[in-house]
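Remarks on the structure that follows.
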Amino acid sequence: MSPHSDKVCYSAVMMGTRIELHLSEHRPELATEVFRRIKYMEDLLTVNRPQSQLMSVNQAAGKHPVRVSAPVFTLIARAHRASLEGGCFNLAIGPLVRCWKIGFSGDRVPQAEALAALLPLTDPRAIVLNAADCSVFLTRAGMSVDAGAIAKGYMADLICDYLASQSVTRAMINLGGNIRVMTPAGESGWKVGLQRPFGRSDQLLGVITTDNSSVVTSGVYERYFVAQGKHYHHILDPRSGYPLDNDLLSVTVISPLSIDGEILSTQLYGMGLERGCLWLTTRPDIDAIFVTRDRQVVVPAQRRFSLQRLPWPEGITPAQG
Ligand code: ADP
Ligand code: MG
């Protein structure tokens with residue numbers, strides 16, 4: 001954790017990524033507590049280690065319900081509701097994620113039969129939740145839940161609730177590109193970079209200015225591997241078992257809550273450009289920025305943010321960054 005001057009920034013490497021907390025004044029104890037809370041939630045939600053509350057749920061699949069703590073139950077219940085909507089987002093995607101291992105060592109294209117055999121294990125209707133005792137039951141052996149798409153956003157929301165309870169009114173929490181900002185009424189918003197797909201993190205397609213919002217991106221360039229010239233990325237289609245294949249390189253969602261942004265960035269990615277734009281007309285509280293494979297930056301509406309565009313250098317294809 002290293003505080004800088006001016007607007008104070010505390011940072012730490014956690015969850016395999018860089019976490020930053022920006023405050024307008026030096027509050028080291030508060031920052032320490034924020035990082036402690038993130039570590040605590042990570043320990044509950046990780047599926048990359050043998051032990052966590054989510055791993056206990058997964059290990060009991062087909063056997064018995066497992067009680068989890070209230071914040072974990074709240075997250076699972078929210079993600080379960082979204083999974084039942086039948087779009088691309090699916091909390092029960094775990095068996096497919098483990099099979100592909102995208103972003104981890106051992107990634108390779110699985111056999112089609114192996115993927116087909118896993119599809120029945122990703123049915124969110126086979127998850128039974130009991131709010132009375134905060135228990136979760138994966139009713140089929142081999143099922144597993146994966147919070148990789150949503151954990152950081154949920155943590156960002158919990159951290160903003162905590163900051164508000166400590167009378168902080170101006171802050172930015174950045175969990176590896178999952179961002180939530182807080183701005184007092186009348187003050188200028190925060191600037192957030194819109195990353196160029198496959199570019200370095202400082203190579204931007206634009207600068208987003210927003211206040212009291214979350215900014216979350218799902219993209220095909222975050223974690224992927226290439227086999228026989230084909231690019232396999234980490235957003236999987238729960239219906240086919242393969243990475244989602246469409247006209248988009250990334251979807252950035254600007255929303256009040258980061259958990260919603262996380263779920264929606266996956267859902268909108270799955271919808272593709274046309275259906276995604278149509279869906280947004282039904283939700284005036286949500287904005288999105290689509291970056292397409294043919295290098296268009298599509299901004300259907302700017303209700304929660306403004307965007308300063310930066311050029312995509314000529315001659316550089318999206319795959320080159
Ligand atoms: P990042 O981890 O780069 O922020 P995302 O938020 O888009 O990216 O989440 C991708 C992760 O979500 C994958 O690595 C995997 O763990 C999980 N995942 C993959 N496909 C789905 C899906 N269809 N529904 C829910 N989670 C998914
Ligand atoms: Mg996400």
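The values are calculated or read from the model by the stated rules, or taken from the named source; none is laboratory data. Fair warning: this is a prediction, and the values are worked out from it, not measured in the lab. Cβ sites come from the backbone with ideal geometry, for glycine too, and all protein chains shown count toward neighbours.
Out of contact with any Leu (no Cβ under 6 Å at 6 or more places or on another chain) and hydroxyl-bearing (Ser, Thr, Tyr) - does that describe any residue in region 80-97? Looking through region 80-97, none of the residues is out of contact with any Leu (no Cβ under 6 Å at 6 or more places or on another chain) and hydroxyl-bearing (Ser, Thr, Tyr).
Test GLY199 against the stated conditions and say whether it is away from ligand 2 (no atom under 16 Å from the Cβ) and more than 29 Å from ARG98 (Cβ to Cβ).
Numbers: away from ligand 2 (no atom under 16 Å from the Cβ): yes; more than 29 Å from ARG98 (Cβ to Cβ): yes.
So GLY199 passes the test.
The requirement of being within 13 Å of ligand 1 (Cβ to nearest atom), aromatic (Phe, Trp, Tyr) and under 16 Å from the mean Cα position of the chain (by Cα) is satisfied by PHE89.
Tell me yes or no: at least one residue of region 181-191 is under 30 Å from LEU84 (Cβ atoms), surrounded by fewer than 22 Cβ atoms within 10 Å (Cβ to Cβ) and not polar (S, T, N, Q). No; the residues of region 181-191 include none that is under 30 Å from LEU84 (Cβ atoms), surrounded by fewer than 22 Cβ atoms within 10 Å (Cβ to Cβ) and not polar (S, T, N, Q).
Among all residues of region 172-190, there is at least one that is of a type in the set (Lys, Arg), within 20 Å of the chain's Cα centre (by Cα) and modelled with pLDDT of 95 or more.
Taking residues in region 242-269 that are more than 14 Å from ASP287 (Cα to Cα), and partners anywhere that are among the charged types (D, E, K, R) and more than 11 Å from ligand 1 (Cβ to nearest atom), the pairs with Cβ atoms closer than 8 Å and at least 6 places apart or on different chains are ASP247/ARG293; ASP247/ASP294; LEU248/ARG293; LEU249/ARG293; ILE259/ARG78; ILE259/ASP157. When each of ALA131, ALA60 is tested for being surrounded by 15 or more Cβ atoms within 10 Å (Cβ to Cβ) and modelled with pLDDT of 95 or more, the lone residue that passes is ALA60.
Okay, residues lined up against (1) of a type in the set (Asp, Glu); (2) farther than 27 Å from SER105 by Cα; (3) modelled with pLDDT under 95; (4) in contact with a Lys or Arg (Cβ under 6 Å, 6 or more places away or on another chain):
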site: CYS9; (1), (2), (3), (4): no, yes, no, no
site: ALA12; (1), (2), (3), (4): no, no, no, no
site: LEU21; (1), (2), (3), (4): no, yes, no, no
site: GLU29; (1), (2), (3), (4): yes, yes, no, no
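Of all residues in region 106-152, those that are on the phi < 0 side of the Ramachandran plot and part of a loop (DSSP other than H, G, I, E, B) total 20.
For region 106-157, give me the residue count where each residue is within 16 Å of ligand 2 (Cβ to nearest atom) and of a type outside the set (Phe, Trp, Tyr). Let's see the steps before the verdict.
So the first thing to find is which residues in region 106-157 are within 16 Å of ligand 2 (Cβ to nearest atom), and the list is 145-157.
Going one step further and asking which of them are of a type outside the set (Phe, Trp, Tyr), we end up with 145-153, 155-157.
Summing the residues that are within 16 Å of ligand 2 (Cβ to nearest atom) and of a type outside the set (Phe, Trp, Tyr) in region 106-157 gives 12.
Out of everything in region 72-105 that is polar (S, T, N, Q) and not in a helix (DSSP H, G or I), what residue ends up being farthest from ALA126 (Cα to Cα)? Among those that are polar (S, T, N, Q) and not in a helix (DSSP H, G or I), it is SER105. Exactly one residue out of GLY148, GLY177, GLY186, GLY206 is over 21 Å from SER258 (Cβ atoms) and of a type outside the set (Val, Ile, Thr), and it is GLY186. Tell me which of these SER69 doesn't satisfy, since it passes every other one: (1) surrounded by fewer than 16 Cβ atoms within 10 Å (Cβ to Cβ); (2) out of contact with any Leu (no Cβ under 7 Å at 6 or more places or on another chain). Unmet condition: (2). Scan region 104-115 and tell me whether some residue there is among the hydroxyl-bearing types (Ser, Thr, Tyr) and either free of Cβ contacts under 8 Å to residues at least 40 places away in the same chain or more than 19 Å from ARG140 (Cβ to Cβ) (or both). The answer is yes; a qualifying residue exists.
Would you mind stating whether PRO197 is surrounded by 20 or more Cβ atoms within 10 Å (Cβ to Cβ) and assigned to a loop (DSSP other than H, G, I, E, B)?
Details: surrounded by 20 or more Cβ atoms within 10 Å (Cβ to Cβ): yes; assigned to a loop (DSSP other than H, G, I, E, B): yes.
Judged against the criteria, PRO197 is a match.
Mind checking which residues of region 210-242 are acidic (Asp, Glu), closer than 27 Å to GLN302 by Cβ and either within 10 Å of ligand 1 (Cβ to nearest atom) or surrounded by fewer than 15 Cβ atoms within 10 Å (Cβ to Cβ) (or both)? Steps first, answer last, please.
So in region 210-242, the residues acidic (Asp, Glu) come out as 211, 222, 237.
When the remaining residues are screened for being closer than 27 Å to GLN302 by Cβ, the result is 211, 222.
Within region 210-242, GLU222 is the sole residue that qualifies.
Entry remark, region 25-71: residues being touching a residue at least 60 places away in the same chain (Cβ under 8 Å), in a helix (DSSP H, G or I) and not acidic (Asp, Glu) number 11 in total. Any residue in region 257-275 that is over 28 Å from SER105 (Cβ atoms), more than 16 Å from ligand 2 (Cβ to nearest atom), in contact with a helix residue (DSSP H, G or I) (Cβ under 9 Å, 6 or more places away or on another chain) and not in a loop (DSSP other than H, G, I, E, B)? Yes, some residue in region 257-275 is over 28 Å from SER105 (Cβ atoms), more than 16 Å from ligand 2 (Cβ to nearest atom), in contact with a helix residue (DSSP H, G or I) (Cβ under 9 Å, 6 or more places away or on another chain) and not in a loop (DSSP other than H, G, I, E, B).
Of all residues in region 160-192, those being within 16 Å of ligand 1 (Cβ to nearest atom) and within 25 Å of PHE73 (Cβ to Cβ) number 5.
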